[in-house]
Amino acid sequence: MAVKLRLVRMGKKKQPTYRLVAADSRAPRNGKFLEILGTYEPRGISKEFPETVVKIDNEKAIKWLSQGAQPTERVAVLLKTSGAWDEFTASKAK
């Protein structure tokens, strides 16, 4: 089974929030997943706080990456901003 780290869309119309999940690559975008790794809110929490919010459990993400999970392009960018990608490459280089 090939595992992908990808985003699942949540939220209301025109107000998306996403979950970062580990899922089987054959499963549909909003379908069955194995584990929730974090959240991504591109529009911010509210009008008072419009900046994007990224909350990722780095330990879970590194665990899945070390088991061979492949991140999508957008998830790879989010992992780099959270620092999980750097931790994974550092542990892989040892």
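The values are calculated or read from the model by the stated rules, or taken from the named source; none is laboratory data. Here the structure is a predicted model, which means the values were calculated and not measured. In this analysis, Cβ positions are derived from the backbone assuming ideal geometry, glycine residues included, and neighbour counts consider all displayed protein chains.
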Taking the range 39-59 only, how many residues are surrounded by 17 or more Cβ atoms within 10 Å (Cβ to Cβ), within 14 Å of LEU5 (Cα to Cα) and of a type outside the set (S, T, N, Q)? 2
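Can you confirm whether the range 34-43 contains a residue that is farther than 15 Å from VAL8 by Cβ and modelled with pLDDT under 95?
Narrowing the range 34-43 to residues farther than 15 Å from VAL8 by Cβ: 43.
From the residues that got through so far, the ones that are modelled with pLDDT under 95 too are 43.
Yes, because at least one residue in the range 34-43 is farther than 15 Å from VAL8 by Cβ and modelled with pLDDT under 95.
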Is it the case that LYS47 is modelled with pLDDT under 90 and of a type in the set (D, E, K, R)? yes
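For (1) surrounded by 14 or more Cβ atoms within 10 Å (Cβ to Cβ); (2) in contact (Cβ under 8 Å) with a residue 24 or more places away in the chain; (3) assigned to a strand (DSSP E or B), each residue gets a yes or a no:
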site: LEU5; (1), (2), (3): yes, yes, yes
site: GLY11; (1), (2), (3): no, no, yes
site: GLY31; (1), (2), (3): no, no, no
site: LEU37; (1), (2), (3): yes, yes, yes
Is one or more of the residues making up the range 72-80 out of contact with any Gly (no Cβ under 6 Å at 6 or more places or on another chain), modelled with pLDDT of 90 or more, of a type outside the set (Gly, Ala, Ser) and not in a helix (DSSP H, G or I)? yes
